[in-house]
1. Only four residue types carry charge here, +1 at the Cβ of Lys and Arg and -1 at the Cβ of Asp and Glu. Report the dipole size of the stretch 3-239 about the Cα centre in Debye, rounded to the nearest 20.
2. Across the stretch 209-214, in residue order, what do the Karplus-derived ³J(HN,Hα) couplings come to in whole Hz, using 6.51 cos²θ - 1.76 cosθ + 1.60 with θ = phi - 60° and x for Gly and Pro?
3. First measure r as the distance between the Cβ atoms of His105 and Ile67, then evaluate 1/(1 + (r/R0)^6) with R0 = 22 Å and state the FRET efficiency to the nearest 0.05.
4. With the crude spin-label approximation of a point 7 Å out along Cα→Cβ, what separation in nm comes out for Val165 versus Glu39?
5. Between rounded, prolate and oblate, where does the chain land on the alpha carbon gyration tensor, with a ≥ b ≥ c its root eigenvalues, rounded for a/c under 1.5, else prolate if a/b exceeds b/c?
6. Where does the chain land at 222 nm, in deg cm²/dmol rounded to the nearest 500, when only DSSP H runs of n ≥ 4 count, each adding -39500 (n - 2.57), divided by all residues?
7. Residues of the stretch 188-220 with amide nitrogen under 19 Å from the 7 Å Cα-to-Cβ point of Asp174?
8. Any idea what the relative contact order of the stretch 3-239 is, in percent, if you count C-alpha pairs under 8 Å spaced at least 6 apart?
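Laboratory data are not the source of any read-out in this text; all were calculated from the coordinates shown. Being a predicted model, the structure only gives us computed values, none of them experimental. All Cβ positions, even for glycine, are placed from backbone atoms using ideal geometry, and neighbour counts span all protein chains on display.
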Amino acid sequence: MTYCVGLKLNEGLVLLSDTRTNAGLDNISTYRKMFFFEEPGERAIVIMTAGSLSVTQTTIARLHEAISDPDADENTSIMKAGSMLRIATIIGDTLLDTRREIAEHMRDMQGMAPSASMIVAGQRRDGHMRLFLIYPEGNFIEATDDTPFLQIGEHKYGKPILDRVVRPDTSLQDAQKAVLLSMDSTLRSNLSVGMPLDLAVIRADDLRISTSRRIEEGDPAFMEMSVAWSNALRESFIKIRI
């Protein structure tokens, strides 16, 4: 399994994913779940994936193939599409077609229906920042001011802090702290989510990946944040009276 989270704020987009993929407790691997599609000054797109690795890898490969096609146009390539809405539609259609094709090959294997979902975030020139959650069926929902974050994978452990602290006017610095603490809560509660982590930021109107970094196991800053958060929770718990 995995955990990915995206925030859409006034200052920009903040995105975080883990890299763990497991097919049973004795078959755990590391695979990137965050993918960049960028033409600086024109558009910046990030896709995060969760679910069947065969579905997500094939979908990403087909998106790259469509971009490289000499006959690519705004209806087939996410690097030529005229809006983020159109980009989300292309990705959703590609995901659905891929899932159906793989499911057809696996139709005789009971209980093996593949499924996958994606978070798509970005901005194109003359357009607004947008953040979408694409379902296995290819349809999608969009982050709003009322709900400025979207999650896929093992999301329940990391949701409470996002509900409490994330607002559209949250700063990018605080937003990065929020998603990292959300991930920390998930790492502590679910073994199917694991390090390393991939973090990305797209500042509003930058039209490029403003920040991108990998957080490895044992990262001093992440460990310090985790310990500080645990201590703060314990202290707050002790102070509450019933």
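1. Details: 26 positive and 34 negative charges, 119 e Å.
For this selection, approximately 580 debye.
2. So the Karplus estimates, Gly and Pro as x, are 6, 6, 9, 8, 8, 9 Hz.
3. 0.30
4. Between Val165 and Glu39, the label points sit 3.8 nm apart.
5. On the way: a/c = 2.01, a/b = 1.30, b/c = 1.55.
Judged from the Cα gyration tensor, the chain comes out oblate (a/c at least 1.5, b/c at or above a/b).
6. Numbers: 5 runs with 83 residues, N = 242.
About -11500 deg cm²/dmol.
7. 201-204
8. Working: 455 pairs, mean separation 66.7, N = 237.
For the stretch 3-239, the relative contact order is 28 percent.
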